[in-house]
1. Mind ordering 273-285, 164-176, 112-124 by average Cβ neighbours within 10 Å, highest first?
2. Give the shape of region 100-142 as rounded, prolate or oblate, defined through the alpha-carbon gyration tensor: a ≥ b ≥ c are the square roots of its eigenvalues, a/c under 1.5 means rounded, and otherwise the shape is prolate if a/b is larger than b/c and oblate if not.
3. Which whole-Hz ³J(HN,Hα) couplings does region 113-127 yield from phi under the Karplus relation 6.51 cos²θ - 1.76 cosθ + 1.60, θ = phi - 60°, glycine and proline marked x?
4. How many angstrom lie between the Cα centre of region 231-248 and the Cα centre of region 13-44?
5. Just check region 45-121 against the gyration tensor rule for me: Cα atoms, a ≥ b ≥ c as the square roots of the eigenvalues, rounded for a/c under 1.5, and otherwise prolate or oblate depending on whether a/b exceeds b/c.
6. At 0.36 nm per residue, and after removing the present C-alpha to C-alpha distance, how many nm does the segment from residue 9 to residue 250 gain when stretched out fully?
7. Rounded if a/c is under 1.5, else prolate if a/b is larger than b/c, else oblate: which is region 226-288, with a ≥ b ≥ c the root eigenvalues of its Cα gyration tensor?
8. Can you give the extra length, in nm with one decimal, that the chain gains between residue 20 and residue 80 once fully stretched, where that is 0.36 nm per residue apart less the Cα-Cα distance?
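No value in this document is a laboratory result; all are computed from the given coordinates. Nothing here was measured: the structure is a model prediction, and the numbers come from that model. Neighbour counts run over all protein chains shown; Cβ positions are idealised from the backbone, glycine included.
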Amino acid sequence: MSIRQRRLDRPTLLGIAAILLWSATIALARSISERIGPATAGAAVYLTGGVFLVGDLLARGPSFGALRRLSRRYVLGCGTLFVLYTVGLFLGLGLAADRRQSIEVGLLNYLWPALTILFSLGLLGRRAGVGLIPGTLLALGGVFLVLTQGAAISWDSFARNLLSNPLAYGLGAFAAVTWALYSNLTRRWGSSDSTGAVLLFTLSTGVAFLLLRALRPEAGVWGIRVAAEVAVLALATATAYVFWDVAMREGDVVLVASCSYLTPFLSTVVSCLYLGVWPGLTLWLGCLLIIAGSILSWWSVRPPGPPQAEPALRHAGT
């Protein structure tokens, strides 16, 4: 199917809208975490988002009994990865030394598309093409540029900046790995009626954040702005999951999946504007290399036959 023949119908546009909604995650999560702490922020956002998803489920009419028919392996395995991903991302953003560093942590998280393709070789039996190695190297090169923080490009500047906050950067990379695993295993263990499990995963994530909040109390001050940010991010996250589900079932999956690779760039632009940060040229180059590497990796392992979206992207992440 040529680009001109691709469908821009309502379900496809909803999938593109989901990508735009997810692009606000890094900026809002960092802003909320600054005021009330990352664990409190995560609990507020995901419990509120869970309430929105419950409302959507009731509005669409399916019975909650369908959730009981989900595969136990899928619910426990993918649910654990979903929770670990979200907790890792929020804590990494919250522990970043400043707003610029939080954008860098967010870009580390966006290694997940390239890692998803890499992991699909073993988990889904995909076969690699010649573009996989250069694609992976491009994405890793992008991370290298991001972590030089605008200094002279060298291994010394890379190591120095990485060691300045290894926990935050490590959590960003951890988030990328866990979401890549989640995406592949969702395809392997899930089924066509597994989308309702996102409701369970979202509420479980909120509970996990509450437990972290109980173990390590956080000081914070609630106000109108932080409450509004929590509501906006919770609604955006829940809505994006609903839109994405519609797009994957009824829209042009290939076109939507292709657009999802622009998320690192869109997220960086939104974060820079909202957080009032304007990083140097190396961060933007790193962002573009991560995108280019992900796209090249994706095309290198696309299965023969009619074009399909990569299975991992059927449950894309933030």
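1. Ranked from most to least packed, the peptides come out as 112-124, 164-176, 273-285.
2. The shape class here is oblate.
3. So the Karplus estimates, Gly and Pro as x, are x, 5, 5, 4, 5, 4, 5, 5, 4, x, 7, 10, x, 6, 10 Hz.
4. 12 Å
5. Judged from the Cα gyration tensor, region 45-121 comes out oblate (a/c at least 1.5, b/c at or above a/b).
6. This chain segment gains 85.8 nm when fully extended.
7. oblate
8. Full extension of this stretch gives 19.0 nm more.
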